[in-house]
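Shown next, in structure tokens, is the structure this report addresses.
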Amino acid sequence: MRLINQKKIFINTGLTAFAAILFLSQAHAGAQVESVLSASVRASLQRAVADRAAPKLAFASQQEAQFWLSEMSERLKNRMPDQRERMDFLSTVHYEALRAGLDPQLVLSLIEVESNFNKYAVSRAGARGYMQVMPFWVNNIGKREHNLFHLRINLRYGCTILRYYLDMEKGDLYRALGRYNGSLGQEEYPNLIRSAWHRHWTAPVLTRTKLSQLPTG
């Protein structure tokens, strides 16, 4: 599993808090650039978005899974009030992120910036859903019936695309995020992701004390 080192990528940001809020108030995806894919890359991406088993949380124990879900649910509840919807969303994010070799907290940060957790967000460029996926990806690597407003499908595509850009940029997350947003080489978007990551979605630390407080049944 190729998890990303979040310390690797960002330069200092000069954005003000007001500017960050302005960016977060709307579907933010720019225009992922449609490019010609080689046959091998297309086949690889098609396999990556193909349906597989139902999501499972990849933790060492059920208690660790419960802790992560509880922590992230508390952070998300103001944006997603329904608990059942929230837990399904977080479980799917965690599964799809790890499946693509991504940090789940990075994916949550990207979703915050891209759509502010609006399942039906549509950008001016036509990007759709939580991770603001451009429809041309369905034509290129998916199936006609794939609905980009569907939770799992949207996350599957978004995580697959970000993984593809990371591989293209040899692990450089700054440049990969620029490609994802259609703003390669510009600072604003990667710095917005970093800001959301550090303010809201840093990974919770499961201490022995916290572990002992979790129910065992």
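The values are calculated or read from the model by the stated rules, or taken from the named source; none is laboratory data. Computed from a predicted model, the values in this text were never measured in an experiment. For neighbour counting, all protein chains shown are included, and Cβ atoms are generated from backbone atoms with ideal geometry for every residue, glycine included.
Restricting attention to segment 60-99, which residues are at pLDDT 90 or above and of a type in the set (Gly, Ala, Ser)? The answer is 70, 73, 91, 97. Among residues of segment 72-90 that are in contact (Cβ under 8 Å) with a residue 24 or more places away in the chain, those with a beta-carbon under 7 Å from a residue that is charged (D, E, K, R) at least six positions away or on a different chain give the pairs 76/86; 80/86. Cβ-Cβ distances below 7 Å connect the following pairs, each with a first residue in segment 140-153 that is closer than 21 Å to residue 115 by Cβ and free of Cβ contacts under 8 Å to residues at least 40 places away in the same chain, a second residue that is outside any loop (DSSP other than H, G, I, E, B) and of a type outside the set (Gly, Ala, Ser), and a separation of six or more residues or different chains: 147/153; 148/128; 148/133; 148/138; 148/154; 148/157; 149/128. Within the set 180, 157, the sole residue that is within 22 Å of residue 99 (Cβ to Cβ), touching a strand residue (DSSP E or B) at 6+ places or on another chain (Cβ under 8 Å) and not charged (D, E, K, R) turns out to be 157.
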